[in-house]
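The next block holds one structure in the form of structure tokens; read it before the comments.
The values are calculated or read from the model by the stated rules, or taken from the named source; none is laboratory data. These figures come from a predicted structure and were not determined experimentally. All Cβ positions, glycine included, derive from the backbone under ideal geometry; neighbour counts span all protein chains shown. Keep in mind that these areas ignore ligands, DNA and RNA; they rest on the heavy atoms of the full protein, side chains included. Shrake-Rupley method; radii C 1.70, N 1.55, O 1.52, S 1.80 Å.
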Amino acid sequence: WQDAGADSKDYWAFHSLGFLGNDEVVRKLTPLLKKWPGEGAHARAVQGLDILTAIGTDIALMHLFGLSQKLKFKGLKAQASERIQEIAQARNITADQLADRLVPDLDLDQKGSLKLDYGQRSFTVGFDESLKPFVKDEDGKLKKSLPKPGKTDDSDLAPQAFDRFKALKKDVKAIASQQLTRLEQAMVKERQWSPHDFRVYFVEHPLIVHLTRRLVWSAYDSNDHLLAHFRVTEDGTLADVEDEVYHLDPKGSVRLAHPLTLGSEALSAWSEVFADYEILQPFPQLGRETYQPEKGETQRYELKRFEGKTIASLRLLGLESKGWRRGEAQDGGVFHWMIKELSPERFLYLNFQDGIIVGEPAYIPQQTLTTLTLHSDDSGWGDQSELPFSELSATAFSEIIRDLAPLVDENTNP
């Protein structure tokens, strides 16, 4: 169908993928959906979303969720988000809870590894702190990569194992980029899980457990009071900072610990534990930069500390990797603000001059920051929606500063 020009009158050939497609189709289709809108084929990409939904496997829905979270084409991203919301509503859960359930186990064993049988020899696949797969032989020796099948290997088992590893690498690469971002944002937004969901989707999940064991978690009671901090050990038990077994309150909740909720003493103690066990973290947690508000700053409706600072336009667009999105383009295809959704009722607006041209962002090389405001909706207009920064938690405030502070080039400040 593609080779014949992808004629719309023959869309039945494309739509048939929804009935006949498998995970390999998903792996080949998703990259096309990411580029089609830029080639004038937005409608085709939208139908591609329907195909992913119709295929409906964990891999398909995982890729659909990924498109809803990170995609440069705003219209298609919104369409993907709508489909995720519809699926979540049909299951009577939130989109975040759906995302927990969409992480495939990839047929890993209970230890989170995979054995590949070549007949006379075998290999074991494990994962590092970034979910990058590594391979060990039967003696536990680390290999640079999985060897290609040889003459002495089983002619059926070895090629199947090799192909399985290639598919695994593709899937894990997509999963890793999603899950690292999702978990870091869960920490920033102080998301909560029930002890049951934490156990099922993190401790007992054979892939996500590799990330779970490399982070510090916090336990709260049913009244949202902090009880303790803990980690997940290699055998799946929970341990406090003294390496004593810890048991969760079944009526309480679990969060990812943030340095500000840990406090300096606990932060130092946990940093020592992780150093002793040589545990590398999937993203900055214990070593994360934190920021405190200046005097009277949180009572204001505008954050002034970045006002008048200049930032290279391309560096400013780097905020997109931290969850910010571009404002609406005005005359000449120029936009003058960026937005970050902190919650359904909290939106940040960062305004700047002289504006960034959508199709040519480097044309105006630098921007001067003007106002940073907090709003109760994403319209960004009018004083009625403005909120004081005291509406934010200490964690949320610190993360705002952490987003912006590294982008300010001191050498270009007036």
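Summed over segment 73-97, the residues that are open to solvent by less than 30 Å² (accessible area, probe 1.4 Å) and modelled with pLDDT under 90 give a count of 1. Restricting attention to segment 11-45 and to residues that are in a loop (DSSP other than H, G, I, E, B) and of a type in the set (S, T, N, Q), the residue that is least open to solvent (accessible area, probe 1.4 Å) turns out to be SER16. All conditions in (1) modelled with pLDDT of 95 or more; (2) open to solvent by 40 Å² or more (accessible area, probe 1.4 Å); (3) part of a loop (DSSP other than H, G, I, E, B); (4) not hydrophobic (A, V, I, L, M, F, W, C) hold for SER271, with the sole exception of (3).
Residues in segment 214-247 that are in a loop (DSSP other than H, G, I, E, B), open to solvent by less than 40 Å² (accessible area, probe 1.4 Å) and either closer than 29 Å to LEU106 by Cβ or not charged (D, E, K, R) (or both): LEU215, VAL216, THR233, GLY236. Considering segment 111-141, and only residues there that are without any contact (Cβ under 8 Å) to a residue 12 or more places away in the chain and over 29 Å from the mean Cα position of the chain (by Cα), the residue that is surrounded by the fewest Cβ atoms within 10 Å (Cβ to Cβ) turns out to be ASP139.
Inspection of segment 46-58 finds a residue satisfying the criterion of being touching a Pro at 6+ places or on another chain (Cβ under 9 Å), in a helix (DSSP H, G or I) and open to solvent by 40 Å² or more (accessible area, probe 1.4 Å). Please indicate, with yes or no, whether at least one residue in segment 206-213 is under 26 Å from ARG101 (Cβ atoms) and assigned to a strand (DSSP E or B). No: segment 206-213 contains no residue that is under 26 Å from ARG101 (Cβ atoms) and assigned to a strand (DSSP E or B).
Mind counting the residues in segment 163-172 that are in contact with a helix residue (DSSP H, G or I) (Cβ under 8 Å, 6 or more places away or on another chain) and open to solvent by less than 40 Å² (accessible area, probe 1.4 Å)?
Quick first cut of segment 163-172, residues in contact with a helix residue (DSSP H, G or I) (Cβ under 8 Å, 6 or more places away or on another chain) only: 167, 170-171.
Checking the rest, the ones that are also open to solvent by less than 40 Å² (accessible area, probe 1.4 Å) come to 167, 171.
Count: 2.
Taken together, SER155, SER130, SER145, SER177 contain a single residue that is assigned to a loop (DSSP other than H, G, I, E, B) and under 27 Å from LEU64 (Cβ atoms), which is SER130. Within segment 107-127, being within 26 Å of ILE279 (Cβ to Cβ), in a strand (DSSP E or B) and not charged (D, E, K, R) holds for LEU114, PHE123, THR124, VAL125, GLY126, PHE127.
Flag set for ILE339, criterion: open to solvent by less than 30 Å² (accessible area, probe 1.4 Å), assigned to a strand (DSSP E or B), in contact (Cβ under 8 Å) with a residue 40 or more places away in the chain and of a type in the set (A, V, I, L, M). Of the set (1) in a helix (DSSP H, G or I); (2) open to solvent by 50 Å² or more (accessible area, probe 1.4 Å); (3) among the hydroxyl-bearing types (Ser, Thr, Tyr), all apply to TYR291 but (1).
Condition check ((1) open to solvent by less than 90 Å² (accessible area, probe 1.4 Å); (2) out of contact with any Asp or Glu (no Cβ under 7 Å at 6 or more places or on another chain)) across all residues:
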residue: LYS143; (1), (2): yes, no
residue: LYS151; (1), (2): no, yes
residue: SER155; (1), (2): no, yes
residue: ALA161; (1), (2): yes, no
residue: ALA174; (1), (2): yes, yes
residue: GLN179; (1), (2): yes, yes
residue: HIS196; (1), (2): no, yes
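I'd like the full set of residues that are under 22 Å from PHE19 (Cα atoms) and modelled with pLDDT under 85, limited to segment 49-72. Within segment 49-72, ASP58 is the sole residue that qualifies.
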